[in-house]
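Where a number appears in this text, it was derived from the coordinates with a stated rule and is not lab data. Quick caveat: nothing in here was measured; it's all calculated off a predicted structure. Counting neighbours? That spans all protein chains shown, and the Cβs are built from the backbone with ideal geometry, glycine included.
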């Protein structure tokens, strides 16, 4: 079951954490800028550690599938 939700009626179709209005992009931005996962989770209490890790796994799998499809 996906923890990422995308619906054109919700936040203009921006991928969000299912059951929240927290964009998935926020997690990537936090991690790219250096703050820890803990800081992200503190600032977005509606997202659990389990959900954040599952979203990273889903994003990784989607990227690998897309890259493998191009070869």
Packing-based ranking, highest mean first, of 42-53, 1-12, 17-28 given that Cβ atoms within 10 Å are counted: 17-28, 42-53, 1-12
Point-to-point label distance, residue 1-residue 31, nm (Cα→Cβ direction, 7 Å offset): 2.2 nm
Relative contact order for the chain, counting Cα pairs under 8 Å that sit 6 or more residues apart, in percent: 25 percent
Ranked 33, 58, criterion: other C-beta atoms within 10 Å, fewest first: 33, 58
The chain pair-distance distribution - Cα-Cα, 5 Å bins, rounded %: 3, 16, 26, 23, 18, 10, 4, 1
